[in-house]
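Accompanying notes for the structure given below.
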Amino acid sequence: HVGAPSAAAAAADSPRAEAFAGGGAFSVTSTPEQARALGRPHGVLHLAGEHTSPFNQGTVDAAFMSGLHTAGAVACTLGYHQPTSHIDASLFEHVLRSECLDALSDHRVDLCTLGFWRWYERCRRPELDAELDGQDWAPFL
């Protein structure tokens with residue numbers, strides 16, 4: 001059928017498509033490595049958001065952790081050696097082991113050297129993997 005609209009064009013004109021236009025949230029990255037690449041500084045530009053988190057993409061938790069990662073990276077770039085000194089360690093109680101929370105509270109963690117995601121990965125509570133089993137984003141853990 002010459003001149004017939006494509007299936008994509010027809011779908012884009014549907015009332016259902018209009019309801020979702022410009023809204024919604026989803027991650028376009030498929031691997032933790034891609035997310036880490038998006039979260040690396042690009043000159044003076046620093047990006048944050050759930051899509052830059054190698055863990056739990058598509059969640060509010062990922063967006064929150066990514067914001068902390070990026071704020072810490074900016075602070076380290078500016079020469080602050082304790083970028084987490086203003087953070088209340090209790091914010092991490094749901095995901096981190098207690099010894100890591102103590103180290104964060106006592107400022108015994110040098111996130112500028114270690115890196116936020118490396119620290120987060122080492123300190124995550126192992127039972128989270130079992131709790132999250134079957135979730136769509138479990139492969140990113």
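The values are calculated or read from the model by the stated rules, or taken from the named source; none is laboratory data. Note that the structure is predicted; figures quoted are calculated from it, not measured. Virtual Cβ from ideal backbone geometry, glycine too; neighbours counted across all protein chains shown. The accessibility values were calculated without ligands, DNA or RNA, using every heavy atom of the protein model including side chains. Shrake-Rupley method; radii C 1.70, N 1.55, O 1.52, S 1.80 Å.
Within 11 Å, Cβ to Cβ, of residue 66, how many net charges do the neighbouring residues add up to if Lys/Arg are +1 and Asp/Glu are -1?
Taking every Cβ under 11 Å from that of residue 66, the sum is -1.
Filter the trypsin sites (Lys or Arg not before Pro) in segment 39-130 to those in DSSP coil with at most 16 other Cβ atoms within 10 Å of their Cβ, and list the result.
Values: sites: 97, 108, 118, 122, 124; in loops: 97, 108.
Counting only loop positions with at most 16 other Cβ atoms within 10 Å, the trypsin sites (Lys or Arg not before Pro) in segment 39-130 are 97, 108.
So who's got an amide H within less than 5 Å of the one on residue 96, skipping anything under 5 residues away but keeping other chains? H placed 1.01 Å off N, in plane.
Amide H neighbours of residue 96, under 5 Å, 5+ apart: 125.
Rounded if a/c is under 1.5, else prolate if a/b is larger than b/c, else oblate: which is segment 32-133, with a ≥ b ≥ c the root eigenvalues of its Cα gyration tensor?
Oblate shape, in that a/c is at least 1.5 and b/c is the bigger or equal ratio.
At 0.36 nm per residue, and after removing the present C-alpha to C-alpha distance, how many nm does the segment from residue 46 to residue 99 gain when stretched out fully?
Between residue 46 and residue 99, full extension yields an extra 16.1 nm.
What does the charge count around residue 36 come to, taking other residues whose C-beta lies under 13 Å from its C-beta (Lys +1, Arg +1, Asp -1, Glu -1)?
Net of charged neighbours comes to 0.
Viscosity 1.002 mPa s, temperature 20 °C: give me the Stokes-Einstein translational D for segment 31-71 in µm²/s, with Rh taken as the Kirkwood radius over C-alpha pairs.
221 µm²/s
What nm value, rounded to one decimal, do you get for the distance between residue 36 and residue 122 when each label is placed 7 Å out toward the C-beta?
1.4 nm
Net charge within 13 Å of residue 118 by Cβ-Cβ distance, Lys/Arg positive one each and Asp/Glu negative one each, not counting residue 118 itself?
Result for the neighbourhood of residue 118: +1.
Which GluC sites (Glu not before Pro) does segment 43-125 hold that lie in a coil by DSSP with at most 13 other beta carbons within 10 Å? Provide the component values of the computation, followed by the final result.
Numbers: sites: 50, 93, 99, 121; in loops: 93.
Answer by residue number: 93.
Could you tell me which chymotrypsin sites (Phe, Trp or Tyr not before Pro) in segment 31-101 are loop residues by DSSP with no more than 15 other beta carbons within 10 angstrom of their beta carbon?
80
Expected output is a single nm value to one decimal: the length gained when fully extending between residue 108 and residue 78, i.e. 0.36 nm times separation in residues minus the C-alpha distance. What is it?
8.8 nm
To the nearest 10 Å², what's residue 112's accessible area with a 1.4 Å probe?
We get 50 Å² for residue 112.
Quote the accessible area belonging to residue 60 in square angstrom, nearest 10, computed with a 1.4 Å probe and with ligands, DNA and RNA left uncounted.
130 Å²
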